[in-house]
Amino acid sequence: MYPFFELKDFNSFAISAKAKTISTAESIKFLYQQCLYAKNNQLPSLILGEGSNVLFTEDFDGMVILNRIKGIHISNQFKYWHVYAASGENWHHFIEFLMNNKIYGAENLALIPGCVGSAPIQNIGAYGLELKDLCEYVNVLELSTGYILKIQAKSCRFSYRDSIFKHEYQRTHVIIGVGFKFAKQWSPRLTYDELALFNPKTVTPQQIFDFVCNIRRKKLPDPIITGNAGSFFKNPVISKNKAEKIKKIYPKYFPQYHQVNSGVKLAAGALIDQCGLKGFKIGDAAVHMHQASIIINQNRATGSDVVKLAKHVSQTVAKYFNVVLEPEVRFIDRYGEMNPMDCML
Ligand SMILES: Cc1cc2nc3c(=O)[nH]c(=O)nc-3n(C[C@H](O)[C@H](O)[C@H](O)COP(=O)(O)OP(=O)(O)OC[C@H]3O[C@@H](n4cnc5c(N)ncnc54)[C@H](O)[C@@H]3O)c2cc1C
């Protein structure tokens, strides 16, 4: 028999759920031992960074392993800085560390919650930059052997909010560190609308860092005050034909289109907003009043409140636009990660 441990403080949604046991891994060896212990005792195991991209839909009948493996190492080469960060480092602290060491290039990704080791999993992105633009390789622990493998970035299959770590490597490998490469010759990334106002010849990395931090603090609910997991849904990519049809019916909606290789990416938040769902709530879960892509925990929302609300949102968007919204947040049920689409239909 195990005592039950409260998970509310370990997920940014601040959803109350219980785990059978929780342990904190500060070394690769301990993390591996904990994974083996769980396996030998037929317990499901779940590696957590800072819990900013998960939704506990019910109690978790297994062992949560908090990854707190730390360490950053810089190597100086002719034209580049190569930086290795252990997976349990906080992402924003890592960016501050880079800024303090005059290593530039990651500033557009400032203030994204979570750990360095979680960043490759969904190829985090913001303000025109994605992790894949900086990543050189990812080090993983292969659970079947205990070996540490180096996966070069080109083999990580990074794409929009996706990578190999959500697929083949999801249950079999744990990320233990990430290698980054930064050109010493810095050039600003100003493609995103709000950053386009800066002059590329005079802007400094510190200005971009400050701007991104300010804008995120203004726009996004702070999980310390209001439970949330950032954008709940991915921005859907649809065919050009379908986008044209939507544009005809909702002409004002046109500015929300972004062209991508195989189709058109729509802003999920704009679709939800067009359905009049800002502020809509079920139980204590609500669509954020200003950022429709974000679901918040107003106080005592349960995982089930959030699932019901997400389902309502996705069904309403499907009805109005015939567009399927897919959750970006990872759903964790009693036995571990589940397919969120099973809850949306
Ligand atoms: C306010 C807010 C704003 C956000 N803004 C953005 C944004 O702009 N862009 C963006 O891309 N994301 C954003 N996010 C989402 C989130 O910050 C990222 O997905 C982040 O990388 C999650 O990190 P984490 O450590 O909290 O991961 P967790 O939530 O702890 O884990 C996420 C998943 O990864 C698995 N996992 C964690 N660590 C490991 C590991 N070492 N090895 C293998 N599997 C592991 C977990 O089991 C889980 O399935 C935002 C979230 C919030 C709350």
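Of everything in the stretch 278-335 that's hydroxyl-bearing (Ser, Thr, Tyr) and surrounded by fewer than 22 Cβ atoms within 10 Å (Cβ to Cβ), which residue is modelled with the lowest pLDDT?
Let us first name the residues in the stretch 278-335 that are hydroxyl-bearing (Ser, Thr, Tyr), namely 293, 302, 304, 314, 316, 320, 335.
Filter once more, so that each one left must be surrounded by fewer than 22 Cβ atoms within 10 Å (Cβ to Cβ): 302, 304, 316, 320, 335.
On the way: Thr302: 98, Ser304: 97, Thr316: 97, Tyr320: 91, Tyr335: 96.
Among those residues, the one meeting the criterion is Tyr320.
Has the stretch 285-293 got at least one residue that is within 13 Å of the ligand (Cβ to nearest atom), within 20 Å of the chain's Cα centre (by Cα) and under 24 Å from Phe165 (Cβ atoms)? Yes - at least one qualifying residue is present in the stretch 285-293.
Out of all the residues in the stretch 111-130, which are more than 6 Å from the ligand (Cβ to nearest atom), surrounded by fewer than 23 Cβ atoms within 10 Å (Cβ to Cβ) and either in contact (Cβ under 8 Å) with a residue 60 or more places away in the chain or assigned to a loop (DSSP other than H, G, I, E, B) (or both)? I'd like the intermediate steps shown before the answer.
First, the residues of the stretch 111-130 that are more than 6 Å from the ligand (Cβ to nearest atom): 111, 116, 120, 123, 127-130.
So of that shortlist, the ones also surrounded by fewer than 23 Cβ atoms within 10 Å (Cβ to Cβ) come out as 111, 123, 127-130.
Hits for the stretch 111-130 are Leu111, Asn123, Tyr127, Gly128, Leu129.
Every residue, every condition in (1) within 13 Å of the ligand (Cβ to nearest atom); (2) in contact (Cβ under 8 Å) with a residue 60 or more places away in the chain, yes or no:
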| position | (1), (2) |
| --- | --- |
| Arg161 | yes, yes |
| Gln170 | yes, yes |
| Val174 | yes, yes |
| Val178 | yes, yes |
| Leu190 | no, yes |
| Ala196 | no, no |
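Take the residues in the stretch 209-232 that are surrounded by 13 or more Cβ atoms within 10 Å (Cβ to Cβ), near the ligand (Cβ under 10 Å from one of its atoms) and under 19 Å from Ala196 (Cα atoms); name whichever of them is farthest from the chain's Cα centre (by Cα). Looking at the filtered set, the residue picked out is Val212.
A quick yes/no check of all residues on (1) out of contact with any Asp or Glu (no Cβ under 6 Å at 6 or more places or on another chain); (2) at pLDDT below 95; (3) surrounded by fewer than 16 Cβ atoms within 10 Å (Cβ to Cβ):
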site	(1), (2), (3)
Pro3	yes, yes, yes
Leu7	yes, no, no
Asn11	yes, no, no
Lys18	no, no, no
Ala25	yes, no, no
Ile28	yes, no, no
Leu31	yes, no, no
Ala38	yes, no, no
Phe78	yes, yes, yes
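Could you please let me know if Lys184 is basic (Lys, Arg), surrounded by fewer than 17 Cβ atoms within 10 Å (Cβ to Cβ) and within 16 Å of the chain's Cα centre (by Cα)? Taking the combined requirement at face value, the residue does not satisfy it.
The values are calculated or read from the model by the stated rules, or taken from the named source; none is laboratory data. Given the structure is predicted, the values throughout are model-derived calculations rather than measurements. So basically every Cβ, Gly included, is an ideal-geometry build from the backbone, and we count neighbours across all protein chains shown.
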